[in-house]
Amino acid sequence: KGREFELPAIREKKTHILLDGEKWNVASIGKYPVFAEGNSWASSLCTVAGTNVVINFKNANKDTVTKSINKAIKELKYRYLSEKTPSGQQELQIQVEALLTLLQQFSLGNESIHDVNVYVMYKDTEATKVKQAFHSLGFSLDRLILRQQDGFVSMLPFVSNDMLDRYSRNFQGDTLSASFPFVNNLFMDENGDYLGDFRYPVFFDLWERGKNRVNSNLCIIGQSGGGKTFC
């Protein structure tokens, strides 16, 4: 006999939802860093304290993507004409060149494009802290005004093709596959010596053996004066 369970009472408001009387906010990512790429670019996004983050994606329509890229290129070129600083012009030019390359690869069938929605849910009491955390990472939150329940349902672990198109963004297949939302930086050998910190303390045992550590060689790389010899 299966266990019985009861879903919490849910009430939708304009800017939040009430779960058993507790106020929660549902938002999407409205702004990304200029280059949201590289291995594990989403790990910082998915590990902000006090949040639940869900990434949904599906294959994008080819005609829609082509029109979207063309529109983005036109907008960037228009901004380039009004940009006064050389650094700003250079940044815009890089973005245009990247989009032109993407458009060429996509047209030739060498690249896949996906519609991506990233939803973030957090307690209303933590709103200021959460927004500041995402801003420091180069992301911004777009509150789902009058779409709180839609966002909440989209975060549930059910298979669905429903996407909030207004809040989606196109991502290359390579960029999406390299997101690696969850990365374990913990390196603590039971009998290890303390070497330093990389988000967490690092305790390393030169004589530890395992599946990925079959010998006791050690290579230390760093700048001059960084402490290699001392280590």
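Model label sites at LYS67 and ILE220, defined 7 Å from Cα along the beta-carbon direction, differ in position by 6.0 nm. Just checking the listed ones, GLY173, GLY50, GLY196: in the Gaussian network model of the chain with Cα springs under 10 Å, the one fluctuating most is GLY196.
When only Cα pairs under 8 Å and 6 or more residues apart are kept, what is the percent relative contact order across the stretch 139-231? Provide the component values of the computation, followed by the final result.
Values: 56 pairs, mean separation 11.9, N = 93.
Result for the stretch 139-231 is 13 percent.
Multiplying the residue separation of GLU22 and TYR78 by 0.36 nm and removing their Cα-Cα distance gives an extension gain of 15.6 nm. Each of LYS123, LYS71 has its accessible area taken with a 1.4 Å probe; listed largest first, they run LYS71, LYS123. Average accessible surface for the chain: 70 Å² per residue, computed with a 1.4 Å probe over protein heavy atoms with every protein chain in place. Overall, the anisotropy analysis places the chain in the oblate class: the square-rooted eigenvalues a ≥ b ≥ c of its C-alpha gyration tensor yield a/c not less than 1.5, with a/b not exceeding b/c. Hey, any idea what % of the chain's accessible area is carbon plus sulfur with a 1.4 Å probe? Solvent-exposed carbon and sulfur of the chain make up 51 percent of the total. GNM remark for the chain: springs join alpha carbons under 10 Å apart, and the peak mean-square fluctuation among TYR78, TYR194, TYR167 falls on TYR194.
Distance between the modelled labels on LEU137 and LYS228, one decimal in nanometres: 3.3 nm (7 Å Cα→Cβ projection).
Of THR175, THR64, THR15, the residue with the greatest mean-square motion in the GNM of the chain, using alpha carbon springs below 10 Å, is THR64.
What's the ranking of 135-145, 205-215 by average number of surrounding C-beta atoms within 10 Å, highest first?
For the peptides 135-145, 205-215, the packing ranking is 135-145, 205-215.
In this view, the solvent-accessible surface of CYS231, computed with a 1.4 Å probe and all protein chains in place, comes to about 90 Å². Using a simple spin-label model with pseudo-atoms 7 Å out from Cα toward Cβ, MET163 and GLN104 lie 2.6 nm apart.
Out of every Cα-Cα pair in the stretch 72-163, what percent are more than 14 Å apart?
Counting pairs separated by more than 14 Å, the tail of P(r) holds 78 percent.
Let me test this: with uniform point scatterers at the alpha carbons of the stretch 137-225, what is the Debye-based log₁₀ I(q)/I(0) at q = 0.16, 0.17, 0.19 1/Å? Each listed q maps to, in turn, -0.88, -0.92, -1.04. Based on C-alpha pairs under 8 angstrom that are at least 6 apart in sequence, the stretch 1-158 has a relative contact order of 44 percent. Under 14 Å from a point 7 Å along the Cα-to-Cβ line of ASP189: which residues of the stretch 201-231 have their amide N that close? Counting only backbone N, you get 202-220.
Residue-normalised convex hull volume from the C-alpha trace of the stretch 15-141: 143 Å³ per residue.
Under the membrane-span-like helix rule (DSSP H runs whose alpha carbons stretch at least 24 Å along the helix axis, mean Kyte-Doolittle hydropathy -1.0 or higher), the chain yields 62-82, 86-107.
The values are calculated or read from the model by the stated rules, or taken from the named source; none is laboratory data. Given the structure is predicted, the values throughout are model-derived calculations rather than measurements. Quick reminder, even Gly has a Cβ in these numbers, built from the backbone with ideal geometry, and neighbours come from all protein chains shown. For the accessible areas, the whole protein counts, side chains as well, though only heavy atoms, and no ligand, DNA or RNA atoms are used. Shrake-Rupley method; radii C 1.70, N 1.55, O 1.52, S 1.80 Å.
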